[in-house]
Structures are given as C-alpha cells and as structure tokens.
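Structure first, then comments.
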Amino acid sequence: MAEKSRPSGSIEVRAQLPRLEEVLEEMDRLWESVLSLRRRPLRALAREHVFPAIDVYEAEGALHVRVELPGMRAEDVEITAGERSLTISGVKPSEAEAEKASFLRSERSRGRFSRRIVLPESADVEGATAHFEAGVLAIDVPYKPGAAKRTIQIKSE
C-alpha cells in the first residue's frame, strides 16, 4: 500500500499560524472601524484614524499597553481579560452642542469602541494593573515566573 505523502506546503502553513492571528486581528480592527463611522466608512482604511490609538511593548519583564483616550474618564472605559487577550472598550460621548450642529468637517472619534490585544501565553493576566491619567490608560501585564525568553543555539553540520 502506498504511503500518503504530506503536501509540501504543510510545514509553511503551520509556521504562518501566528501571522494569521495578526491578520485576523487587523481585519477585526478594520471592520470595527468601518461600522463605527456613519458618513465616511472608507476613512477607516486610513491607519491614522484608528480609535483609540494604542502602543504595546515589552520592557522590564512585562507587557505594557498604552491607550490614548483624550477627553475620557476612567469610568468610561472597561478592560476585560480573556484566556489570552485583553479587550479595552467604552463609549466616547458626543458633546451636546455637536449633536445639533451641521458639520463642515468631522475628524474626532466618538461613539462605541473596542480594541482587542492578543497576549502571549506567558502573560500573567491575574497580576495585571491599570492606571488612567491625563487621557492615557496604562495597562501593565507581568509575565509568569519562569517564562523568560531564552536563546536556542543553532547547530550546523
């Protein structure tokens, strides 16, 4: 009986799975942006108009998230932790006088928002802290003990 051979691309597909997760995250972000814009949905495709803007970086043994939320208060924002993700959501209200206005140009974000951040397996969500000051939400997620990155030596023949 002939042995079935594995498709030549199967190894490459497995190696691309983390990248696929990033692509799906970006697609979700774009979809949410399009739905939040009533009059100019194509504006969502321009990267500079994503709300809220976030930075995610590693330093000092932890993952740090910084979220720009100008004009908002801590009580307007909710952070929920999933198995391997953080979701930051809330509502940025419209100003009362803007509700009655006839806009010539509208570039400020308002309404509901939600941003999801995929966390590495080594993230310790239970130890996460959050602080809101001057319109910036700071979330710090420590890594689990013993989850330090290590370098793997590459041997050649």
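Bear in mind that the values in this text are calculations on the coordinates, not laboratory data. Keep in mind that this is a model prediction, so the values were computed, not measured. Cβ: placed from backbone, ideal geometry, glycine included. Neighbour counts: every protein chain shown.
Of note:
- Tally of residues being assigned to a loop (DSSP other than H, G, I, E, B) and crowded, with 16+ Cβ neighbours inside 10 Å across the stretch 126-144: 1
- Filtering the stretch 96-106 for residues that are touching a residue at least 24 places away in the same chain (Cβ under 8 Å) and surrounded by 12 or more Cβ atoms within 10 Å (Cβ to Cβ) leaves a non-empty set.
- For the stretch 74-95, the candidate set comprises residues that are closer than 18 Å to Asp28 by Cα, small (Gly, Ala, Ser) and in contact with a Phe, Trp or Tyr (Cβ under 9 Å, 6 or more places away or on another chain); within that set, the residue that is surrounded by the most Cβ atoms within 10 Å (Cβ to Cβ) is Gly90.
- Counting only residues that are surrounded by 13 or more Cβ atoms within 10 Å (Cβ to Cβ) and in contact (Cβ under 8 Å) with a residue 40 or more places away in the chain, the stretch 51-73 holds 14 of them.
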